[in-house]
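Engineer: A single structure is presented below for examination.
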Amino acid sequence: MLKDNASIYYGQDIVYSGYTSTYAGGWQLFYVDDETDEIFIISKNAVKNETLNKSGYSDYMTGGSVFVSKSKYGSKWNKMWLNKCNSVNLNNNSKGIAYLCDTTQWSDYAIQDTYAVGGPTLELLIASWNDSHDINNQITLNEDDVTSTGYPIPESLKNENSIPLNSLYRPTSSGMNWIASPSSNHRNHVCYLNFYGGYVGYSYYDDDRFCIRVLVSIPASKVQIENETLTVSE
């Protein structure tokens, strides 16, 4: 029901008691994955600014990442990267992504049977967008252009105001937030969403201007709809 009516439900407020700090500003439905029976929700606000200078991470798989091992969107980059370079990835952008996808770093935002990460991957953002937009407004990510360094940004996301203001992907209070995908532009670059310009860009992993919008995965069975209100049961 939710996925079939994504244009209505994606972006809708959802009652989630896992993390009640005012920094989150509430939660919104982000994506429904019928294959894994997961529902992803995202914080309305940025919860904090964060540099991705994470030298302690040796590669993308470092850390207790349920996201990488379970979610098809978490594992996709890792699988593609292995096919591209067949070795441990020591790029600084890869270490930063390992941190964002390390579920042990974001456990304060999770309740039983859920897990959280430091933002959506580029594929997950695009999957959410495509679900909630008509066939004439779909975004394509060319996987053949993925390199051992990272992802190319689709042309349709590079232009100013390609992402509407006050939308799920560009809420007023989000600032400029990291996307959990390395950029193919340079081994030190990580993708981010520019709130002010309404586009996806890239910046250095150690840039301290960018922030975190937490993404939480919830089993579909925990999400209830009553009188058009979405609630996560504990």
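Engineer: Could you give me the residue pairs with C-beta distances under 6 Å whose first residue belongs to the range 152-169 and is at positive phi, whose second residue is part of a loop (DSSP other than H, G, I, E, B) and buried (at least 16 other Cβ atoms within 10 Å of the Cβ) wherever it lies, and which are 6+ apart or on separate chains?
Structural biologist: Note: pairs meeting the criteria are Asn161/Gly198.
Engineer: Does the range 83-102 contain any residue that is within 13 Å of Val214 (Cα to Cα), among the acidic types (Asp, Glu), surrounded by 22 or more Cβ atoms within 10 Å (Cβ to Cβ) and at pLDDT 65 or above?
Structural biologist: Yes, the range 83-102 has at least one match.
Engineer: If I ask for residues that are at pLDDT 90 or above and farther than 28 Å from Tyr205 by Cβ, which ones from the range 9-32 would you list?
Structural biologist: If the condition is that a residue be at pLDDT 90 or above and farther than 28 Å from Tyr205 by Cβ, then Tyr9, Tyr10, Gly11, Gln12, Asp13, Ile14, Leu29, Val32 are the ones that fit.
Engineer: How many of the residues making up the range 129-142 are touching a helix residue (DSSP H, G or I) at 6+ places or on another chain (Cβ under 7 Å) and touching a residue at least 12 places away in the same chain (Cβ under 8 Å)?
Structural biologist: Narrowing the range 129-142 to residues touching a helix residue (DSSP H, G or I) at 6+ places or on another chain (Cβ under 7 Å): 131-132, 138-139, 141.
This time we only want the ones that are touching a residue at least 12 places away in the same chain (Cβ under 8 Å), so: 131-132, 139, 141.
Qualifying residue count for the region: 4.
Engineer: Looking at Ser203, Ser233, which is the one that is of a type in the set (Gly, Ala, Ser) and without any contact (Cβ under 8 Å) to a residue 12 or more places away in the chain?
Structural biologist: After applying the criteria, what remains is Ser233.
Engineer: Further question: Against the definition (touching a helix residue (DSSP H, G or I) at 6+ places or on another chain (Cβ under 8 Å) and in contact (Cβ under 8 Å) with a residue 12 or more places away in the chain), how does Gly96 come out, yes or no?
Structural biologist: no
Engineer: So which residues in the range 39-53 are more than 20 Å from Gln224 (Cα to Cα) and crowded, with 24+ Cβ neighbours inside 10 Å, if there are any at all?
Structural biologist: Residues satisfying the conditions are Ala46, Leu52.
Engineer: Identify the single condition in (1) touching a Ser or Thr at 6+ places or on another chain (Cβ under 8 Å); (2) farther than 25 Å from Ser43 by Cα; (3) modelled with pLDDT under 85 that Asn166 does not satisfy, given that it satisfies every other one.
Structural biologist: (2)
The values are calculated or read from the model by the stated rules, or taken from the named source; none is laboratory data. Quantities reported herein were computed from a predicted structural model and do not represent experimental measurements. Glycine gets a Cβ as well: all are built from the backbone with ideal geometry, and neighbour counts include every protein chain shown.
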